[in-house]
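Notes follow once the structure below has been shown.
The values are calculated or read from the model by the stated rules, or taken from the named source; none is laboratory data. Values in this document were obtained by computation on a predicted structure and should not be read as measured data. FYI the Cβ positions are ideal-geometry reconstructions off the backbone, even for glycines, and counts take in every protein chain you see. Each accessible area value is taken on the protein alone, full model and side chains, heavy atoms only, with ligands, DNA and RNA left out. Shrake-Rupley method; radii C 1.70, N 1.55, O 1.52, S 1.80 Å.
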Amino acid sequence: MENFITDRIQSQAISDLKKVIAVPSYLSEASDKAPFGPGPKKALETILSIADDMGFKTFEDPDGYYGYADVGQGDKTFGLVCHLDEVPAGNVDDWDSDPYHLEERDGKLFGRGTQDDKGPTIAAMYAVKALLDAGQKFTYQIRFIFGTDEETLWRCLAEYNKKERPIDLGIAPDAEFPLIYAEKGLQQAYLVGPGSDELQMNVVDSFNAVPGQSIYRGPKQNEVLKSLEEHQFDADQEVDQIIVKGRSVHAMNAPEGINSTVRLGIALADVFPKIEAFQFLKAFGEDANGTNLLGDVSDDVSGRLTFNISSLQIDSKQSRLQIDLRIPVKIDHDQLIKQLKEAVQKFTLTYQDFDYLAPLYVPTDSKLVETLLSTYRDVTGDLKSQPTISGGATFARTMPNTVAFGAMLPTTPDFMHQVNERWSIQDMNTAMKIYAEAIYRLCVK
């Protein structure tokens with residue numbers, strides 16, 4: 001097995017990564033031909049300039065949603081689906097170095113986007129560049145697709161799929177090795193019901209987070225606290241509020257958390273029995289698989305449904321709960337939502353759709369998965385790590401016959417979205433070797 005990644009390739013990759021890290025590319029106010037703000041637009045222009053210098057043929061969407069870079073010839077297209085937007089760095093004073101200046105320190109590369117997803121994007125591009133430099137000829141057209149809205153609503157790839165032909169197979173370098181071959185369907189929605197004159201409250205967390213703390217400032221606080229104690233729920237009372245404590249985790253791992261909002265709702269159901277939203281939460285209980293409501297929803301590929309409730313809003317006009325469902329890949333989505341609508345009607349609640357992402361499932365015996373897995377094992381010598389399923393979502397699910405493949409190794413610490421985000425040069429080099437060998441096996445041989 002040839003090592004295509006030379007010291008020169010590694011050095012060039014770091015040099016170009018520095019250029020894209022220098023562009024703060026989080027979502028901001030839209031402007032002309034920059035639907036997600038000037039940062040993502042500038043990052044797209046920067047990566048396309050890098051691709052031009054590599055000899056790729058580039059294209060920028062006239063409306064500014066996405067771009068792509070092509071190399072090679074062939075009747076079929078192998079896609080690498082990447083994103084250039086990022087989450088904000090937060091308080092830059094909390095960083096040990098400028099988050100928008102790539103700094104090499106202790107064998108690591110520090111900067112916002114080094115792991116998610118600018119570093120993996122550059123690593124994959126230079127893996128292809130290394131193959132070109134080695135004189136390899138591609139039997140596929142290789143296309144790097146650059147999204148600019150992955151951290152929010154994926155409008156960039158929705159636009160791409162409206163305007164461009166689909167790829168035939170591909171990878172998204174925005175997860176972990178060995179690979180993710182199944183991603184659960186993601187349904188986010190609201191359950192809306194009658195309002196109340198007894199109290200008003202506005203307890204809201206992110207759709208994709210199990211609430212770790214919920215604050216109640218409404219009436220009858222002594223009764224609410226007594227109910228919380230009777231249920232053995234952890235809570236503190238302050239002068240004019242009650243703080244219900246839980247344990248926050250990502251919604252895809254909802255059963256591993258403790259939902260403070262659900263706990264608050266269960267207690268409130270004892271104190272305000274006429275409010276249907278509370279009675280729903282009491283019936284739902286603390287089963288984050290939704291079994292009390294929908295029964296056992298599971299399959300033999302991706303396991304059980306997860307069901308997260310992350311808001312409790314009530315005023316005189318309406319009550320509203322926001323929900324996040326991670327749906328097993330073999331479960332019929334429409335039938336499940338029909339069942340959910342019927343179940344919540346008993347509590348005078350109606351279902352209102354917000355957003356849906358269809359599941360991803362590429363069988364483990366497919367040529368794509370088998371080739372990627374064997375490549376990973378041959379390069380790293382890791383024979384224990386297995387292909388996985390995820391309740392999370394990557395751009396892989398926006399394309400046919402595509403899986404999430406790297407760039408983080410099983411031993412790579414996760415610093416995505418965190419202060420002092422960083423990626424070790426050694427891990428980056430290994431990722432480039434894996435990508436080069438995988439593309440060689442799929443698109444050259």
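Data for the structure
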{"read-out": "Value of relative contact order over the chain, rounded to a whole percent, pairs C-alpha under 8 Å and six or more apart", "value": "23 percent"}
{"read-out": "Charge dipole (debye, nearest 20) of the chain; +1 at Cβ of Lys and Arg, -1 at Cβ of Asp and Glu", "value": "920 debye"}
{"read-out": "When each of Lys137/Lys433; Lys184/Lys338; Lys118/Lys162; Lys18/Lys129; Lys129/Lys384; Lys108/Lys433 is checked by Cα-Cα distance, pairs over 21 Å", "value": "Lys118/Lys162; Lys129/Lys384"}
{"read-out": "Crossing angle, helix 221-230 versus the chain [Cα axis fit, 0-90 degrees, rounded to tens]", "value": "70 degrees"}
{"read-out": "For the range 8-115, the spread of Cα positions along each principal axis, largest first, Å", "value": "49, 39, 19"}
{"read-out": "Three-way shape call for the range 380-445 based on the alpha-carbon gyration tensor, with the a/c threshold at 1.5", "value": "oblate"}
{"read-out": "Per-residue ³J(HN,Hα) for the range 435-445, Karplus 6.51 cos²θ - 1.76 cosθ + 1.60, θ = phi - 60°, Hz, x for Gly and Pro", "value": "5, 4, 5, 5, 5, 4, 5, 8, 10, 10, 4"}
{"read-out": "Surface share of carbon and sulfur [accessible, 1.4 angstrom probe, percent] for the chain", "value": "45 percent"}
{"read-out": "Gyration tensor (Cα) of the range 296-339, equivalent ellipsoid semi-axes in angstrom", "value": "28, 11, 6"}
{"read-out": "Given (1) 68; (2) 74; (3) 57, the label whose value is percent of Cα pairs over 27 Å apart derived from this model", "value": "(3)"}
{"read-out": "Share, in percent, of DSSP beta bridges within the chain that are antiparallel, nearest 5", "value": "75 percent"}
{"read-out": "Nearest-ten-degree value, helix 118-133 long axis tilted from longest Cα axis of the chain", "value": "20 degrees"}
{"read-out": "Residues of the range 273-339: accessible area per residue with a 1.4 Å probe, Å²", "value": "40 Å²"}
{"read-out": "Positive-end residue, the range 73-127 charge dipole about Cα centroid, Cβ charges, pick of Tyr126, Val87, Phe110", "value": "Tyr126"}
{"read-out": "FRET efficiency, Ile425 to Glu238 (Cβ-Cβ, R0 35 Å, nearest 0.05)", "value": "0.10"}
